[in-house]
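To start, the structure itself, in structure tokens.
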Amino acid sequence: MQVIETLAEGLKREIKVVIPAKDMEAQMNERLEDAKGRVRINGFRPGKVPFAHLKKMYGKSIMAELVNEIVRDRPSTILSERGEKSATQPEIGMTEDQAEAEKILAGQADFEFTLSYEVIPAIELKDASGIAVTREVVEVDASEVDEQILKIAESARSYETKKGKAADGDRVTIDYLGKVDGEAFDGGKDEDAELVLGSNRFIPGFEEQLVGLKAGDEKVITVTFPADYPAANLAGKEATFDINVKEVAAAADVEINDELAKKLGLESADKLREIVRGQIESQYGSVTRQKVKRQILDQLDEMYKFDTPERLVDAEFENIWRQINTDLQQSGKTFADEDTTEEAAREEYRKLAERRVRLGLVLSEIGEKAGVQVSDEEMQRSLYEQLRQFPGQEKQILDYFQKTPGAAASLRAPIFEEKVVDHLLSEIKVTDKAVSKEELMAEDEEGSEKETKKAAPKKKAAAKAEAAEGEEAAPKKKAPAKKKAAEGDAE
């Protein structure tokens, strides 16, 4: 087998591989001899089939098997012998000339194919001890715990049917039908919808017009959807809603005690406080972690400058660009609405894609040198989390991860990355700084522009698709009550 390098330009490589016809034929003959004693052909005793006849019947199919095995197995061997790692699966090129292909299968022509790929650049790791980060820490006080428990208690409070008019704080059960220009719209209808007046769950002006109504009342109200409403076909539109009030119920007093805790499945109010405190600490800890991670990545970005494989960058850019356009479509906005142009946005996101790829390669090298491993147990936990997110679709998800090449890597990659960050935290200088929750949650606009996973630069197109690398995506301002806002619900 001859291996000839035909291109070495930057990270790009092209290899021509030639296997002489005599070698291909020798391998074919060896397999034919091996099969001779097992083949059953009418008119011949076992093991007595003439070799020429055997070759005529099975030669081409065995040669085809050899070709398939070679293009499947040899590329990895060739790259290993060259001491190279391909950034993506090498592209394999073979002759498309039918006559030439027939000659190869007949053992009358050399088998040639090409490998085109980009190598992963050699990365010389630098001393990480010079990296210094500030870890912002928030002390959770009792008042914040009590405030959160009060919200839980209010969401779990009971209501009792009352006679008379509905007031703020009462829960009304209604049927409603929304119309724009006299025509009902998708998502604008519901029956037995429960709404606590004053909760601001529905669009502005909706709940206020229900105050003073009582069970059995019917009313047509008029509201205007906000200009930034997620459903573009309703944004800024005036709409009417036919309302039928079926029940008015007054809220019972809220008490934070053992009875409330038991209602929530806990043994005592103290246990409830303990759990709520732990949840708040975990939320703040997550933000702290991501801010620290961002600082590490920003400093690694300054430390390492090298060319990145173009195909990896292309793939990363396409993922980003697809998300950006999805966000724009869902919001009904354009690049102009985000004070940019498509050309400028493409350039910005291309830079982001290059950063992500470069940092991904650096983290991979650091992790490999440090012996970072992802265990089967960790992979199982990650898969379980995926299954939890899609109840009822467990079988489809399992099939996807079992049958889709590379799917398992999508589970492994984030686990590996976090473990590499843990490794770096053991080597770098970390200074704790006590801050308020407002300071912790404050957005670092410059940092957000440098995110490396799913982040989008702020004040650019689709700025909502923010910060998965820093995991600081802001929660939705108002959660829909029953239907998705994008479907045109009144919420």
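Can you tell which of Ala336, Ala407 is under 16 Å from the mean Cα position of the chain (by Cα) and either open to solvent by 30 Å² or more (accessible area, probe 1.4 Å) or within 26 Å of Ala87 (Cβ to Cβ) (or both)? When all the criteria are applied, what remains is Ala407. Under the condition of being of a type in the set (S, T, N, Q) and part of a loop (DSSP other than H, G, I, E, B), which residue from segment 84-112 is most open to solvent (accessible area, probe 1.4 Å)? Top of the filtered list is Gln89. Counting only strands (runs of 3 or more DSSP E) that sit completely within segment 119-233, those holding 2 or more residues that are in contact with a strand residue (DSSP E or B) (Cβ under 7 Å, 6 or more places away or on another chain) and more than 30 Å from Leu440 (Cβ to Cβ) correspond to 159-161, 171-180, 183-196, 218-224.
Residues of segment 410-422 that are farther than 15 Å from Ser382 by Cα and open to solvent by 50 Å² or more (accessible area, probe 1.4 Å): Asp422 alone. The lone criterion from (1) touching a strand residue (DSSP E or B) at 6+ places or on another chain (Cβ under 9 Å); (2) farther than 30 Å from Glu139 by Cβ; (3) among the aliphatic types (A, V, I, L, M) left unmet by Val357 is number (1). Of a type in the set (A, V, I, L, M), under 30 Å from Leu424 (Cα atoms) and open to solvent by less than 50 Å² (accessible area, probe 1.4 Å): does that describe Val140? Criteria met by Val140. Residues of segment 248-263 that are touching a residue at least 12 places away in the same chain (Cβ under 8 Å) and either open to solvent by less than 50 Å² (accessible area, probe 1.4 Å) or over 24 Å from Thr161 (Cβ atoms) (or both): Val248, Ala249, Ala250, Ala251, Ala252, Val254, Ile256, Asn257, Leu260. The residues on offer are Phe335, Phe317, and the sole one that is among the aromatic types (Phe, Trp, Tyr) and at pLDDT below 95 is Phe335.
Would you confirm, using the coordinates I've provided, whether Lys291 is more than 30 Å from Ala153 (Cα to Cα), assigned to a loop (DSSP other than H, G, I, E, B) and among the basic types (Lys, Arg)? Considered against the rule, which asks whether it is more than 30 Å from Ala153 (Cα to Cα), assigned to a loop (DSSP other than H, G, I, E, B) and among the basic types (Lys, Arg), Lys291 comes out as no.
The numbered conditions (1) of a type outside the set (Phe, Trp, Tyr); (2) touching a residue at least 60 places away in the same chain (Cβ under 8 Å); (3) surrounded by 14 or more Cβ atoms within 10 Å (Cβ to Cβ); (4) within 20 Å of Arg135 (Cβ to Cβ) are all true for Val276 except (4).
Per the listing Ile19, Ile78, the residue uniquely at pLDDT 90 or above, of a type outside the set (S, T, N, Q) and within 24 Å of Pro121 (Cβ to Cβ) is Ile78. Evaluation of Gly392 against the conditions (1) at negative phi; (2) not in a helix (DSSP H, G or I); (3) not hydrophobic (A, V, I, L, M, F, W, C) shows that the sole unmet condition is (1). For segment 313-333, which positions are touching a Ser or Thr at 6+ places or on another chain (Cβ under 8 Å) and either on the phi > 0 side of the Ramachandran plot or surrounded by fewer than 18 Cβ atoms within 10 Å (Cβ to Cβ) (or both)? Matches in segment 313-333: Ala315 only.
Condition test on Glu25, is it open to solvent by 60 Å² or more (accessible area, probe 1.4 Å), modelled with pLDDT under 95, out of contact with any strand residue (DSSP E or B) (no Cβ under 8 Å at 6 or more places or on another chain) and more than 30 Å from Leu361 (Cα to Cα)? No. Within segment 203-224, residues that are within 16 Å of Asp242 (Cβ to Cβ) sit with their Cβ atoms under 6 Å from residues that are polar (S, T, N, Q) and open to solvent by 30 Å² or more (accessible area, probe 1.4 Å), at 6+ positions apart or across chains, in these pairs: Glu218/Asn244; Val220/Thr240; Ile221/Gln209; Thr222/Thr240.
The values are calculated or read from the model by the stated rules, or taken from the named source; none is laboratory data. A quick note: this is a predicted structure, and the numbers were derived from the prediction, not measured. Positions of Cβ are backbone-derived with ideal geometry, glycine not excepted, and every protein chain shown enters the neighbour counts. Please note that ligands, DNA and RNA were not included when accessible areas were found on the heavy atoms of the full protein model with its side chains. Shrake-Rupley method; radii C 1.70, N 1.55, O 1.52, S 1.80 Å.
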